[in-house]
1. At a temperature of 25 °C and a viscosity of 0.890 mPa s, determine how fast chain A diffuses translationally according to Stokes-Einstein, using the Kirkwood radius over alpha-carbon pairs as Rh; express D in µm²/s, rounded to the nearest whole number.
2. Sticking with the crude label model, points 7 Å out along Cα→Cβ, report the distance from residue B:240 to residue B:63 in nm, one decimal please.
3. If you find the alpha carbon centre of the stretch B:156-225 and of the stretch A:241-314, how far apart are they in angstrom?
4. Based on the Cβ-Cβ distance from residue B:102 to residue B:122, what FRET efficiency comes out when R0 is 22 Å, to the nearest 0.05?
5. Ranked highest first by the average count of other Cβ atoms within 10 Å around their residues, in what order do A:33-42, A:214-223 fall?
6. Say R0 is 22 Å: what FRET efficiency, to the nearest 0.05, do residue A:123 and residue A:270 get from their beta-carbon distance?
7. What is the mean number of Cβ atoms from other protein chains located within 10 Å of the Cβ atom of each residue in peptide A:509-521, rounded to a whole number?
8. How do A:110-122, B:153-165 rank on mean C-beta neighbours within 10 Å, highest first?
Amino acid sequence: MERNKRLFAILPLLVGLFCVTITLAHSQQNFSSLIGTNSVSPVNSTSTLIVPYIVWGGEAALFYANGGLQTKPGSIMAQQGLTLKLVPGDDFVGQVKNYLDGRTPFLRGTFRMLGQASEVIGRDPKTKAVVFGQMTWSAGDHFVARSSIKRISDLRGKKIAIQTGGPHVGMLYDMLRTARLSKADIDLIWLDDLTGAEGPAEAFRKDPKIAGCFVITPDMIGLTGGYDNTGTGAEGTVNDAHVVVSTATLSRSIADVYACRKDFYDSNKSTIEKFFAGYLKGVEAVMQLKKSYENSGSQEYMKLLQMIQDIYGPDIIPTLEEDAHGLIADCTYVGQPGNVSFFNDQTNVITGFSGFNKSAIDMAISWGFAGKRYNLLPSDLNFSSSIFTSLLSNTVRMPVQRKRFKKETIRAEVEAFNEEDVLDEKTLVSFTIQFKPNQEKFSQTEYKEEFDRVVELAAKYGNAAVAIKGHTDPSKTLMTLVKTGIKRNIIKRTGQRGNYKYFMDGKSIRLEDTEKLIKLIQQKKFESGTEIESPYQVMRAGLELSEQRAEAVKNAIVNYARKRNVRLESDQIVPIGMGIKEPVIAKPTNPEQASENRRVEFALVKVSAETVAEADFDF
Amino acid sequence: MYFQYLRPTLSLIAWSVLIFAYNSPTHATESEGSNGADTSLAIHKENIVVLLDASGSMNDPFSVTNQDNESITKIQVAKEALETVLTQLTEDVNIGLLVFSVAHSDPWLYPLGMKDEVRFLSALSSVEAGGGTPLAQYMKSGADTLLAQRERQFNYGSYRLLIITDGQAKSAELVNTYTSAIKDRQIRIDVIGVDMEEEHTLATVVDSYRRADNPEQLVEAVAKVLAETSTDTQNGNNSQFDLLQPLTEELAISLIKALTKAPSNQPIRAEEEKVESVRPQNVDQTARNTNKSSASDNPKDTLILIGFLILSGVIFFIFRSRQKPN
């Protein structure tokens with residue numbers, strides 16, 4: 001908190017320093033117009049590799065492995081036989097220019113940023129980008145909004161502030177897709193900077209008409225007071241500002257990657273391999289140091305934090321233990337197993353290379369960054385070769401699907417949300433399917449669209465639950481209540497069929513009589529030997545049925561994914577019985593109306609970090 | 001040995017059990033599960049705790065004989081009936097056998113859990129009758145066990161106490177209090193009165209009461225109780241929608257809200273005590289808060305303060321008057 005306040009105070013001074021500065025653009029535009037007329041030249045040097053870096057925790061591993069901006073003797077990279085020169089790359093347009101010019105063979109960005117440049121770099125076969133390694137997933141980017149936006153679907157018609165060309169564009173793209181909205185449904189305010197005076201947070205702060213903004217962690221805390229807090233207006237926070245979605249939840253949205261020019265990649269593959277193996281070794285070392293720092297303190301980790309501060313400067317990293325350490329904590333490393341998962345797992349359809357390539361190019365075309373589809377190329381590095389396995393200690397040979405969720409914990413948490421009536425509050429998006437009375441089978445053809453959507457949500461929102469909420473119709477429970485009430489003489493009925501009137505204690509039944517009526521029906525003595533249906537029992541039967549339906553739908557989805565060989569962790573899908581408690585029509589007057597109540601609702605639910613098992617690498 | 005009188009009821013039992021098995025909540029998940037998706041937790045289990053009265057009087061024979069004119073003890077028939085019916089229950093029902101008899105130091109002859117036929121039958125055969133009928137404490141024990149299980153099953157599943165008894169309980173008042181508390185927690189209570197001259201006091205307040213005046217009736221009653229299923233279709237009878245017509249939309253919503261309030265899983269006695277102890281605690285809390293905010297708000301404190309001031313005034317004057325002569 002303290003660190004973020006401090007950082008936030010200095011941030012307005014950092015205009016243009018932090019990330020991509022695309023000076024021309026105030027709306028998205030074709031990326032080639034930002035680059036100008038750049039001719040492609042061969043890569044200048046192979047003896048010293050020029051590697052761009054940006055302000056991101058994933059870079060810590062690179063700094064550590066290299067021993068600083070220049071390769072230090074004895075460092076991991078030196079032992080790999082490499083000489084690297086690390087250069088600032090926060091200006092992504094500048095990076096692309098250098099890449100085309102041949103000053104560096106590398107691009108360093110988020111996957112979707114590469115997608116925005118896909119046409120510019122893809123037109124010439126020599127500069128097509130081979131995405132050869134994934135560094136991290138982001139857990140430190142956030143969409144903060146005022147009270148008018150509670151769910152993602154509330155974005156419709158709202159004014160949203162976002163940095164041009166930066167890491168949040170892909171995140172926004174994912175969110176719109178989640179809610180089945182298009183860019184035309186929202187009003188985007190494009191800003192030059194990621195943070196600072198010209199960034200989205202300040203725009204949001206100044207203009208109350210801006211309903212939401214995409215920000216990094218320090219800005220998020222500045223606006224809201226903390227991840228789980230809502231701004232009050234005090235201490236620089238903005239009244240009602242709260243985190244709607246964060247990459248802590250939408251954890252498979254921002255993938256930070258390295259890409260290499262195709263011509264260079266083909267002729268220097270072993271160098272690329274050594275470089276990336278060295279990077280991954282740096283990751284393992286940093287993680288080890290971070291662990292021992294958190295357990296008992298670590299001199300070496302402090303040295304690394306100092307190096308980070310020295311490289312970025314004290315303006316960006318004012319303190320070591322808060323800012324430098326916080327930078328590392330905002331990202332999750334994927335390691336060698338994560339790269340195997342990203343590039344080699346055929347079942348990782350949505351959040352692996354192929355899924356990201358598709359969505360990156362889709363976005364580039366539909367949002368006007370590119371006029372033609374030029375695919376990015378996948379890494380064909382052999383992550384199980386001895387270059388990697390001899391150097392690294394945590395490796396896998398085949399793709400593994402990590403069992404990430406704690407089944408009982410996530411289930412208990414979602415059930416508790418339901419019991420405490422906060423399930424709606426925790427829901428990011430929801431949609432519904434109807435079904436027929438007593439329907440037990442859920443056809444994979446009929447519900448293909450919904451099933452696909454669930455599979456996609458589960459993949460992208462890697463730390464959220466997809467709750468499948470079964471709802472039943474309350475008619476029978478209410479009928480039983482009335483019938484039992486009449487039989488037990490608690491409710492008096494007058495009039496003819498079709499025109500009944502009910503009385504209790506000589507008066508029409510009023511709203512205030514609810515509890516009393518139920519209590520009387522439940523507790524009143526009745527004639528021995530008679531058997532009277534209890535509305536509670538019927539209600540409980542409905543609860544059972546609704547959960548079973550939800551479970552049947554879940555099983556259908558799990559089977560659907562399995563048949564298509566698409567990765568889906570079944571514990572992330574949480575069936576839940578809502579029973580009769582949330583009817584669409586509380587008092588149906590005919591079977592058609594009753595059937596509207598029989599439905600299954602899919603809800604993307606934010607859950608706590610405790611529901612996910614801890615692991616070294618997140619993939 | 002197989003009792004003659006069981007035969008006429010065999011087909012009834014078979015049907016009941018069949019219906020039970022079909023409607024059993026796990027039926028649907030089993031067939032889904034066969035598709036290869038083993039993802040469910042065991043949360044839909046039906047839980048039945050049988051409270052078997054094995055007081056001394058259960059050693060008496062039925063006042064009427066069976067069809068073959070044999071004279072059989074009530075406990076014997078009850079055991080046979082439970083054996084026949086329970087062994088035919090689907091595998092995924094949790095059962096428990098709680099026996100009240102001085103003959104057993106641990107009344108849970110079969111603790112609530114998965115049905116293990118061999119163990120269950122051996123538990124059942126070990127039942128010996130003797131002593132009085134302390135029903136209340138066993139009701140509490142049975143209900144608390146079911147509530148703990150419901151907590152584990154996230155409030156899904158069904159929970160019932162089946163009481164088989166032949167005599168009035170010792171402390172009828174406590175039985176009534178517990179009955180009410182158990183029903184408030186939405187646990188079903190079924191009672192079978194075995195060869196009783198008059199109706200059991202529970203007869204009119206539980207979810208079902210059956211008389212078993214002869215051995216055939218007892219077997220039939222056990223079979224019937226266990227045949228009742230918790231899962232039913234939720235489709236209202238089409239002709240009954242006019243039953244709802246007089247309710248306003250608001251009243252319907254209000255009734256649904258009240259009915260769906262999550263039931264408590266707190267143990268029976270503990271919660272009753274807690275309700276009583278809430279008030280004094282709150283008073284303490286308030287008093288403490290008041291003290292904190294301002295001492296003079298509290299009359300007692302004010303008195304002490306005044307007393308202290310007077311006392312120090314007096315001491316001061318005494319002290320001064322003593323010093324004066326010097």
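1. 92 µm²/s
2. In this crude spin-label approximation the distance works out to 3.7 nm.
3. About 68 Å separates the Cα centre of the stretch B:156-225 from the one of the stretch A:241-314.
4. It comes out at approximately 0.60.
5. Ranked from most to least packed, the peptides come out as A:214-223, A:33-42.
6. Given R0 = 22 Å and the Cβ-Cβ separation, E is 0.20.
7. 3
8. A:110-122, B:153-165
Where a number appears in this text, it was derived from the coordinates with a stated rule and is not lab data. Since this is a predicted model, take the numbers as computed values, not measurements. Cβ coordinates were reconstructed from backbone atoms using ideal geometry, including for glycine residues, and neighbour counts include every protein chain displayed.
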